Structure formats: structure tokens, C-alpha cells
Amino acid sequence: MTKPRVIKDYDKLTEELVAAIKIAYPKGFEKKLIQFKDAKGKFVSALPFETDDYYYLVRMTKAEAQEIGDEDDFSDQEDISDGSQDVLEEPFEDDSEA
């Protein structure tokens, strides 16, 4: 069974999903961005991220990825993991906005 694909802006993600993405990409995700053409034929960059229920393409520019990578919690993975471990053990509940 194929997972539903969701394209979503980074700034519109839930805190739980942001924490899960940061755990999945502890060294940042600037180099993990992919490009694709949107429905209007315009090139868009996004970060691929998969959960048990969805395959996300999280829209962001390279500059936004660099800025997010400069955040304090990104540089200290232990802080991220300690605060988000429970989130990863529970299913994502707020995917209705996907």
C-alpha cells in the first residue's frame, strides 16, 4: 500500500513533526533537499520525510534550511532527543491538516 504524499511548508508543521524531522536529520538537512516541479511547473526544493502514515515533502529553500540548521537545538542533538522521544513512540495525531 502506498502512503499518501503530502507537500507542506516547514513553518506550518506541528511541533511534534518538526522535532521528529530534527531527530531524523541531526546534522541538518540543507544537503538532503531535493527539487521537483510543482503543479505550476515551477521548481521547488523540499526535504523528504517519511512517517508511518505519510510521505512528506517539506517545502523550504536552501537558505531556510541553513537558517534552521543554525538554531540552538539543532546543534545539541541530546536536547532534541530528550524532549521528543515520547513523540516518536506515539503515532502522529494531527495529520488532519496535512
Can we say residue 75 is among the small types (Gly, Ala, Ser), at pLDDT below 50 and over 18 Å from residue 16 (Cβ atoms)?
yes
Only one of 31, 8 is over 10 Å from the mean Cα position of the chain (by Cα) and at pLDDT 90 or above. Can you tell me which?
31
Looking only at the stretch 9-26, which residues are under 13 Å from residue 58 (Cα atoms), assigned to a helix (DSSP H, G or I) and not acidic (Asp, Glu)?
10, 12, 17, 18, 20, 21, 22
Requiring at least 1 residues that are in contact with a Pro (Cβ under 7 Å, 6 or more places away or on another chain) and free of Cβ contacts under 8 Å to residues at least 60 places away in the same chain, the strands (runs of 3 or more DSSP E) wholly within the stretch 27-66 are 34-37, 55-59
When you scan the stretch 15-64, how many residues do you find that are touching a strand residue (DSSP E or B) at 6+ places or on another chain (Cβ under 7 Å), hydrophobic (A, V, I, L, M, F, W, C) and more than 14 Å from residue 5 (Cα to Cα)?
8
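The values are calculated or read from the model by the stated rules, or taken from the named source; none is laboratory data. The model shown is predicted, which means the values in this text are computed figures rather than measured ones. So basically every Cβ, Gly included, is an ideal-geometry build from the backbone, and we count neighbours across all protein chains shown.
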